[in-house]
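What follows is calculated from the coordinates using simple rules that are stated; it is not laboratory data. Keep in mind that this is a model prediction, so the values were computed, not measured. All Cβ positions, even for glycine, are placed from backbone atoms using ideal geometry, and neighbour counts span all protein chains on display.
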Amino acid sequence: MNSENLPSTPLATDPAAQVFGAKPVMTFGDEGQRRKFLRAAAVVGFGSTLVALSQRDKLALADASANDLEILNYALTLEYLEADFYTRGLKGGALKGRALELVTPIREHEQSHVATLTDTVKSLGGKPAAKPKFTYPDGTFDDKDTFLKTASTFEELGVTAYHGQVARIEDGDILAAAASIAGVESRHAAVIADLIDGNPFPSSFEKNKSMKAVLKAAGTFIKS
Amino acid sequence: MINRRDLIKGTAAVIPAAVGLQMLGTKWAFAAEDFSGPVDVLNYALTLEYLEAEFYRQGNQADLLSGKAADYLAAIQKDEEAHVVALKDTISGLGATPVAAPEVDFGPAFKSKASYLETAYTFENLGVSAYLGAAPSLLKEKGLLTAAASIFGVEARHAAILGVLGKKEAEGGVYKGAFEKPATRATVLKAASPFIVKAQTL
């Protein structure tokens with residue numbers, strides 16, 4: 001259990017982050033926006049915050065939202081990358097049989113994470129990060145091995161990214177949502193490792209990485 | 001007598017989306033009621049990890065598996081033992097007393113390779129939901145939260161691989177949708193109780 005997760009640089013001032021087109025985050029402007037969030041949260045299943053929000057200090061909530069929106073946009077950028085990666089990879093047709101069966105839902109999960117994170121950022125009154133343009137080394141999707149080895153890198157990176165933010169998230173509902181996504185990324189990482197005869201259980205404890213370290217690693221795949 | 005079917009039935013009650021949503025909707029309420037504080041959460045997790053570690057110790061000793069499955073379940077046993085040690089150390093480090101290991105009885109779980117893998121699969125998915133359900137109770141304890149989350153992710157890996165070994169369908173078997181679902185303490189207790197003869201806490 002390392003503690004590489006702290007501290008991390010705010011997106012707004014991190015040059016690496018600006019590559020991702022990160023936008024400054026907003027806080028709730030009025031009660032209407034908060035209500036909108038509550039409705040959307042109920043739809044996506046993040047829960048319910050009506051009681052929680054009404055019991056909390058409004059100023060503290062605004063602060064928490066600025067911080068948490070930044071984290072949500074960071075997660076969104078990574079999910080964009082994963083969704084794009086699997087969409088291209090599956091289109092490439094390198095997989096068949098059980099591998100195809102196991103990877104197809106992963107793309108659906110990543111797309112679902114993109115949609116949910118986008119909605120959540122909007123509902124909180126923030127501006128969702130724009131989808132970057134991605135680029136992958138030549139031949140990434142030509143054969144099963146290259147595709148899945150790259151997938152493994154992404155999934156393990158995604159896991160460390162979420163775990164790096166656990167301690168930074170201030171809102172309980174956003175934490176629950178992020179954790180519920182992180183667990184799914186762990187499943188993906190394990191399944192992909194198994195498919196390439198790697199190690200699905202590289203550690204008894206998930207590792208974590210700071211936002212800066214993750215963005216640096218992911219930056220290789222960002223065109224603009 | 002408990003059998004695997006009871007366990008699976010009990011766990012099935014954990015997972016339905018509607019229940020998950022409802023639980024998320026009342027998360028703050030039940031989180032406050034479920035646990036009296038961080039140590040209580042950690043002892044709850046420790047009891048589950050004791051249960052899992054002992055389960056794999058007995059199961060692996062039964063020598064039902066070979067090849068990749070044997071390797072994977074040996075690795076999972078080591079992970080669970082590492083979780084037990086880490087949780088005990090953490091609780092002691094907080095100046096509290098770790099609960100004792102529960103007395104367990106896994107019934108017919110080790111009668112065959114299939115029943116071993118199926119019960120393991122059920123345990124792991126239950127563990128994932130248990131950690132997620134308890135997470136909000138650690139919200140203010142950032143260090144503990146990170147530690148608990150790091151265990152939770154590994155339980156999710158175990159659950160997925162046991163789904164693969166059991167040749168489960170991808171969605172609904174290996175994966176449980178795009179979002180993990182939380183379970184309340186009561187639900188977890190109900191699902192685990194068939195295996196627990198006596199426990200200090202759960």
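Hey, rough spin-label estimate for B:Ser193 and A:Asn199, points 7 angstrom out along Cα→Cβ, what's it come to in nanometres?
Label at B:Ser193, label at A:Asn199, 4.0 nm between them.
Tell me, how many Å apart are the Cα centres for the stretch A:165-181 and for the stretch A:202-224?
18
Near B:Glu80, within a Cβ-to-Cβ distance under 13 Å, what is the net charge of the other residues, with Lys and Arg +1 and Asp and Glu -1?
Result for the neighbourhood of B:Glu80: -3.
Measure of size requested: the Rg and Dmax of the stretch B:27-134, with Cα atoms as the atom set and Å as the unit; please supply both.
According to the Cα coordinates of the stretch B:27-134, Rg and Dmax are 15.2, 46 Å.
Given a Förster distance of 25 Å, report the FRET efficiency between A:Thr87 and A:Lys122 from their Cβ-Cβ distance, rounded to the nearest 0.05.
It comes to 0.65.
Quick one: of A:Lys144/A:Lys216; B:Lys88/B:Lys168; A:Lys209/B:Lys68; A:Lys91/B:Lys168; A:Lys133/A:Lys212, which pairs are farther than 22 Å apart, Cα to Cα?
Checking Cα-Cα distances, A:Lys144/A:Lys216; B:Lys88/B:Lys168; A:Lys209/B:Lys68; A:Lys91/B:Lys168 exceed 22 Å.
Once every Cα of the stretch A:69-210 carries one equal point scatterer and solvent is ignored, give the base-10 log of I(q)/I(0) from the Debye formula at q = 0.15, 0.16, 0.18, 0.21 Å⁻¹, two decimals.
Reported log10 I(q)/I(0), two decimals: -0.73, -0.83, -1.03, -1.32.
For A:Phe134, enumerate residues with amide H under 5 Å from its amide H, sequence gap 5+ or separate chain, H modeled in the peptide plane.
Correct list: A:Lys223.
Treat the stretch B:14-195 as a sphere of radius equal to its Kirkwood radius over Cα pairs and apply Stokes-Einstein at 4 °C in a medium of 1.567 mPa s; give the translational diffusion coefficient in µm²/s, rounded to a whole number.
Translational diffusion coefficient: 78 µm²/s.
Report, as an integer, the average count of C-beta atoms from other chains found within 10 Å of each Cβ along A:90-102.
Mean partner-chain Cβ count within 10 Å for A:90-102: 1.
Distance in nm between label sites at A:Lys216 and B:Leu94, each 7 Å beyond Cα in the beta-carbon direction?
3.4
Under 17 Å from a label point 7 Å along Cα→Cβ of A:Lys133: give me every residue in the stretch A:69-100 with its amide N that close.
Inside the label zone: A:81, A:84-85.
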